[in-house]
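Here's the structure, in structure tokens; my notes come after.
The values are calculated or read from the model by the stated rules, or taken from the named source; none is laboratory data. Small disclaimer: the values here were computed from a predicted structure and weren't measured. No Cβ is skipped: glycine too gets one built from the backbone with ideal geometry, and neighbour counts run over all protein chains shown.
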Amino acid sequence: MKNKETKTAVRQEESTKNGLKRRNFVKLLGGGIFLFFRPWKGFGGSGVSLSQQRRRLTTDYNAFLHITPTGIINCYTGKIEMGQGVITALVQMMADELNVQFEKVKIIMGDTELCPYDEGTWGSLTVREFGPAMRIALAEARAVLVEMASSQLGVPVSQLEVKDGIVYDIRNPSKKVSYAQLAKGKKLEKYLDVKPPVEDYTKFTYVTKPFKRTDSVLKVTGQAKYTADLKLPGMVFARILRPPSHSAKLISVDVSGVEQVPGTQVVRDGDFIAVLHSNKEKADEAIVKIKADYSINEPNVNDSNLYDRMVGADSTVDIINSGGDLTEGSRLSSRLFESEFLDPYDAHASIETHTALGHMEGDRITVWASAQSPFGLQDDIAAELGMPLEKVRVISPFVGGGFGGKIAHQQGVEVARLAKLAGKPVMLIWTREEEFFYDTFHPAGVYRVRSGMDKEGRIRMWDYGVYYGGTRGSDKIYDIPHFRITNYEQKRGAPAIHPFLTGAWRAPNANSNTFARESQIDIMAAAAGIDPLEFRIKNLKDEKMIDCLKAVADKFGYTPAKLPSGRGIGMACGTDAGTWVALMAEVRVDKDTGHVQVIRVSCAQDMGLCVNPQGALLQIEGCVIMGMGYALSEEVKFNGGVIHTTGFDNFNIPRFSWVPKIDAVILDRKDKPPQGGGEPAIIAIGAIIANAIFDATGARMYRMPMTPERVLEALKKA
Amino acid sequence: MEVKINFTLNGKKTTILTDPNQTLLWVLRNQLGLTGTKYGCGNGFCGACTVLINKEPVRSCITPVTDVSGKEVITIEGLARNGKLNPVQKAFVEHDALQCGFCTPGMIMTATGMLMKNPAITRKEIIEGLEENLCRCGAHGRIIDAVESAAKEMKGGK
């Protein structure tokens, strides 16, 4: 076998899925990065063909696990780890379903060659959707192993139990056999006609217990490998010629200047022009030597006129939910309220920029990428290069933050093109400027609410319109008889409203919709002279929401008061990713400067069965802090297709001095299916801060972010 | 033209031949294979690339490699001794003070530098000292707690 060119870098350790010996490590010069040999052929451990796996997650348990002769259980998932902590939660689920020790489970993630197909890591779906599917498959594996033990030990299945990967006779525990002895390193052959039930939650050893991150030692020592940390022999660094605007078209280009940087290779495929150099900073030096002329025809849209443009546009109008009759609702109302809420483009701003390493060997290509959807990237590379899927392998090593931003994986396609053009391994690390320029921003939007309530403070009418933002989280949630939710979106053939790409940003648009809805609720509560908690409960029928509100009030130590109380307390509630949340905040507003300091935040969350309470808490804390960014400071500035937000000097994300005291209560719902945890808490942060500012000052905020200037402006009007 | 630079790297005397126009960050990552030091912005704004030069936290992405001549450089790889984590690293693990982990080396280097200089550091000083290090996952509260407990441990001479 020729090993020379068949190398693959690996994130941590090697995995052996089908028992082949693949532990042939080679240390490379200088870089200190271990690469290991692995022939392309000889995989197929699951026995499930690529085309079968495609489009949906397989039910074949062999695709999820391999029991190694040493007793280590390799578990495979197409999900990736970007900080959200599924690297821990999935192992808890795997260990419990198989009845093996937590420490014996090794998780292998985000490799299209090794892992079962997965659409992508988003929507807080790993624990609530992938997890249960994986458990069903693993339950079958466990049952098969017990049957094998039964024939080997000559003991009926009913008399066998499993603990820590050992099947034993309950009447004579010395009669036992381990999973490793049963599997002998091979894949299991048997499948059951009647699928066994999954483990009951009362029998869990690991699930529902708080587990700390399992990747932290790797991450605090600098050993954790992210895409940019990989190195291949002969690897070069790329920089791509970028236009100054999303509206720019390349007219002419002069690359002769790169000769001033010896060792530079220029590659070109039409408008796709890049420089390659073995030294990263030489590539940086070379790219600016290219002279390019563009024709630019900017649309007349910028960060101040975009909202008028959205509301005035010829849009596709879609009523997504309605009930009763708005005219009747207005008639029943003693007071009507009309508000317009504005929300800008926001950037994901992960600390790791989009990065990819591509390596073409013969008719096959391997791409490592900071990507939330390795299988999606595999599809896109295959389409771009005209290659069959089986010849494209994508691996997502540790990802340095995603938040929806790495669902887009342009860099992975770019690196594949470069690796093919160059005929050598190419590393592409987007600069921070490229990261902002090509980010699929959270879409700006306008949110218009018309509502009415009767003399008793009951909401009778709700007319809610979303303009170009997105409808996730736009449900009315309150018990309102006459309502309509309308979505205004891009009309086919009409001028594009968003001048650049937009995409999913952690709990996509639920942040904006919750800000609009929950602000409107407080506007009505204030007008009714009713405490905002009481007002919410009075208008809710949803018991889960009421429970969350009561739980957060309890945690926060809330005492009722009419708005504005001067205390600076705000609240909000909503649902996202199958989870119900209610949050409260206390803020201090500096009336001279407009600065808002968030003092403390409490969160109550009904997320069904909570697999890892510690992980869930980390996500809640992350949601609160990240949410303070969209609420208080983050806004992408632009003019036409030119993005003026270029770096952390002009895009202000939350910092240490902002951090409030955060506490949370996760409602005990062990008997309910697990729901999402990565996103729900963030949906309420804009709303709790806006409502708290009102409670502190009587100034109502209608536009995010709530910058000091905007707070001062609102204070003048209050 | 390449130049010869002598310095101490993670306790070892090191000599490199390198282009003097490079930054410390890329020499560490690509020439010396120390990839724990991260590129986050290239302008010194995020702190992911922080290393210690003569015990001072420094942004390696804007530091010319020639600046380290004759000096002592410590990177994230140089903190643990014989597999034993330094107090800050240990506290990060104990407090679960990280998520994606990309800012973590820079956080730990900044905090370690602060504690070397001022073991009696207050919570307020920790917050001020870390203010220019960016984290997008929102691990801030835990990072502050971790550094505070590491400070206590270092002060206690453990």
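Only one of A:SER315, A:SER370 is surrounded by 15 or more Cβ atoms within 10 Å (Cβ to Cβ), among the hydroxyl-bearing types (Ser, Thr, Tyr), closer than 30 Å to B:CYS46 by Cβ and modelled with pLDDT of 95 or more. Can you tell me which? Outline the logic, then answer.
Details: A:SER315 fails: closer than 30 Å to B:CYS46 by Cβ.
Criteria check complete, one pass: A:SER370.
Quick check on my filter: what residues within the stretch A:243-256 are within 27 Å of the chain's Cα centre (by Cα) and either within 14 Å of another protein chain (Cβ to nearest Cβ) or of a type in the set (D, E, K, R) (or both)?
Narrowing the stretch A:243-256 to residues within 27 Å of the chain's Cα centre (by Cα): A:246.
Once the filter is applied, which keeps residues that are within 27 Å of the chain's Cα centre (by Cα) and either within 14 Å of another protein chain (Cβ to nearest Cβ) or of a type in the set (D, E, K, R) (or both), the stretch A:243-256 yields nothing.
Restricting to the stretch A:303-339, name every residue that is of a type in the set (D, E, K, R) and either more than 30 Å from A:CYS623 (Cβ to Cβ) or in contact with a helix residue (DSSP H, G or I) (Cβ under 8 Å, 6 or more places away or on another chain) (or both). Full working, then the answer.
Residues of the stretch A:303-339 that are of a type in the set (D, E, K, R), as a first pass: A:303, A:308-309, A:314, A:318, A:325, A:328, A:331, A:335, A:338.
Within the stretch A:303-339, A:ASP308, A:ARG309, A:ASP314, A:ASP325, A:GLU328, A:ARG331, A:ARG335, A:GLU338 meet the criteria.
Against the condition within 14 Å of chain B (Cβ to nearest Cβ), touching a strand residue (DSSP E or B) at 6+ places or on another chain (Cβ under 6 Å) and buried (at least 21 other Cβ atoms within 10 Å of the Cβ), how does A:MET109 come out, does it pass? Break it down into steps so the answer makes sense when it comes.
Values: within 14 Å of chain B (Cβ to nearest Cβ): yes; touching a strand residue (DSSP E or B) at 6+ places or on another chain (Cβ under 6 Å): yes; buried (at least 21 other Cβ atoms within 10 Å of the Cβ): yes.
The answer is yes for A:MET109.
Among the residues in the stretch B:35-44, are any in contact with a Cys (Cβ under 6 Å, 6 or more places away or on another chain) and either away from chain A (no Cβ under 11 Å) or of a type in the set (A, V, I, L, M) (or both)?
no
Within the stretch A:462-485, take every residue that is β-branched (Val, Ile, Thr) and not in a loop (DSSP other than H, G, I, E, B) and give me the one that is surrounded by the most Cβ atoms within 10 Å (Cβ to Cβ).
First, the residues of the stretch A:462-485 that are β-branched (Val, Ile, Thr): A:466, A:471, A:477, A:480, A:485.
Cutting the leftovers down to not in a loop (DSSP other than H, G, I, E, B) gives us A:466, A:485.
Values: A:VAL466: 25, A:ILE485: 20.
Here the answer is A:VAL466.
Failed condition for A:VAL399, given (1) touching a Cys at 6+ places or on another chain (Cβ under 9 Å); (2) over 20 Å from A:LEU232 (Cβ atoms), with all others met?
For A:VAL399, the failing item is (2).
Of all strands (runs of 3 or more DSSP E) completely enclosed by the stretch A:225-331, which ones contain at least 1 residues that are under 30 Å from A:ARG472 (Cα atoms)? Before the answer, list the steps.
Working: elements: A:236-240, A:248-254, A:265-269, A:272-277, A:291-296, A:316-323.
So the answer is A:316-323.
Kindly provide the set of residues from the stretch A:627-663 that are aromatic (Phe, Trp, Tyr) and within 13 Å of chain B (Cβ to nearest Cβ), ordered by number.
First, pick out the residues of the stretch A:627-663 that are aromatic (Phe, Trp, Tyr): A:630, A:638, A:648, A:651, A:656, A:658.
The answer is A:TYR630, A:PHE648, A:PHE651, A:PHE656, A:TRP658.
Confirm whether A:GLN159 is surrounded by fewer than 19 Cβ atoms within 10 Å (Cβ to Cβ) and either in contact with a His (Cβ under 6 Å, 6 or more places away or on another chain) or away from chain B (no Cβ under 14 Å) (or both). Spell out how you get there, then give the answer.
Values: surrounded by fewer than 19 Cβ atoms within 10 Å (Cβ to Cβ): yes; either in contact with a His (Cβ under 6 Å, 6 or more places away or on another chain) or away from chain B (no Cβ under 14 Å) (or both): yes.
In short, yes.
Residue under question is B:PRO57, and the condition is that it be surrounded by fewer than 19 Cβ atoms within 10 Å (Cβ to Cβ), more than 8 Å from every other protein chain (Cβ to nearest Cβ) and modelled with pLDDT of 95 or more; does it hold?
No.
Within the stretch B:98-128, how many residues turn out to be among the hydrophobic types (A, V, I, L, M, F, W, C), surrounded by 21 or more Cβ atoms within 10 Å (Cβ to Cβ) and at the interface with another protein chain (Cβ under 7 Å from one of its Cβ atoms)?
5
Give me the pairs, please: first residue somewhere in the stretch A:189-202 and in contact (Cβ under 8 Å) with a residue 40 or more places away in the chain, second residue anywhere and basic (Lys, Arg), beta-carbon distance under 7 Å, and either six or more positions apart or on two chains.
These pairs meet every condition: A:VAL198/A:ARG135; A:TYR201/A:LYS670.
Could you identify the single residue in A:ILE683, A:ILE620 that is of a type in the set (A, V, I, L, M, F, W, C) and within 14 Å of chain B (Cβ to nearest Cβ)?
Details: A:ILE683 fails: within 14 Å of chain B (Cβ to nearest Cβ).
None of the others qualify; the one that does is A:ILE620.
Rundown of residues vs (1) under 20 Å from the mean Cα position of the chain (by Cα); (2) within 30 Å of A:ASP454 (Cβ to Cβ); (3) of a type in the set (D, E, K, R); (4) within 14 Å of chain B (Cβ to nearest Cβ), yes/no style:
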residue	(1), (2), (3), (4)
A:GLU338	no, yes, yes, no
A:ILE351	yes, no, no, yes
A:THR355	yes, no, no, yes
A:ALA369	yes, no, no, no
A:PHE375	yes, no, no, no
A:GLN378	yes, no, no, no
A:SER396	yes, no, no, yes
A:GLY402	yes, no, no, yes
A:ALA408	yes, no, no, no
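Return yes when A:SER151 is exposed (fewer than 13 other Cβ atoms within 10 Å of the Cβ), without any contact (Cβ under 8 Å) to a residue 40 or more places away in the chain and either under 34 Å from the mean Cα position of the chain (by Cα) or not in a loop (DSSP other than H, G, I, E, B) (or both) and no when it is not. Walk me through how you get there before you give the answer.
Numbers: exposed (fewer than 13 other Cβ atoms within 10 Å of the Cβ): yes; without any contact (Cβ under 8 Å) to a residue 40 or more places away in the chain: yes; either under 34 Å from the mean Cα position of the chain (by Cα) or not in a loop (DSSP other than H, G, I, E, B) (or both): yes.
Here the answer is yes, as A:SER151 does meet what is asked.
How many of the residues making up the stretch B:38-56 are closer than 27 Å to A:HIS348 by Cα and either in contact with a Ser or Thr (Cβ under 7 Å, 6 or more places away or on another chain) or among the polar types (S, T, N, Q) (or both)?
Here is the first cut: in the stretch B:38-56, the ones closer than 27 Å to A:HIS348 by Cα are B:38-51.
From the residues that got through so far, the ones that are either in contact with a Ser or Thr (Cβ under 7 Å, 6 or more places away or on another chain) or among the polar types (S, T, N, Q) (or both) too are B:42-43, B:47, B:49-51.
Matching residues across the stretch B:38-56 total 6.
Quick one: which of B:GLY70, B:GLY33, B:GLY44 is in the same structural domain as B:LYS13 (by TED's automatic domain parsing), free of Cβ contacts under 8 Å to residues at least 12 places away in the same chain and surrounded by fewer than 23 Cβ atoms within 10 Å (Cβ to Cβ)?
Details: B:GLY70 fails: free of Cβ contacts under 8 Å to residues at least 12 places away in the same chain; B:GLY44 fails: free of Cβ contacts under 8 Å to residues at least 12 places away in the same chain.
On inspection, the qualifying residue turns out to be B:GLY33.
Here is a yes/no grid of residues against (1) closer than 26 Å to A:ILE407 by Cα; (2) touching a residue at least 40 places away in the same chain (Cβ under 8 Å); (3) of a type in the set (S, T, N, Q):
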site: A:ASP293; (1), (2), (3): no, yes, no
site: A:GLU298; (1), (2), (3): no, yes, no
site: A:GLU328; (1), (2), (3): no, yes, no
site: A:LEU332; (1), (2), (3): no, yes, no
site: A:LEU342; (1), (2), (3): yes, yes, no
site: A:ALA349; (1), (2), (3): yes, yes, no
site: A:GLU352; (1), (2), (3): yes, yes, no
site: A:ILE381; (1), (2), (3): yes, no, no
site: A:LEU385; (1), (2), (3): yes, no, no
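Mind checking which residues of the stretch B:129-143 are surrounded by 19 or more Cβ atoms within 10 Å (Cβ to Cβ) and either at the interface with chain A (Cβ under 7 Å from one of its Cβ atoms) or within 20 Å of A:CYS623 (Cα to Cα) (or both)? Show your work before the answer.
To start, the set of residues in the stretch B:129-143 that are surrounded by 19 or more Cβ atoms within 10 Å (Cβ to Cβ) comprises B:129-130, B:133-143.
Result: B:LEU130, B:ASN133, B:LEU134, B:CYS135, B:ARG136, B:CYS137, B:GLY138, B:ALA139, B:HIS140, B:GLY141, B:ARG142, B:ILE143.
Hey, can you tell me all the residues within the stretch A:72-91 that are assigned to a strand (DSSP E or B) and of a type outside the set (A, V, I, L, M, F, W, C)? Quick ask: steps written out before the conclusion?
Start the filter on the stretch A:72-91 by keeping residues that are assigned to a strand (DSSP E or B), which leaves A:73-77.
Scanning the stretch A:72-91 gives A:ASN74, A:TYR76, A:THR77.
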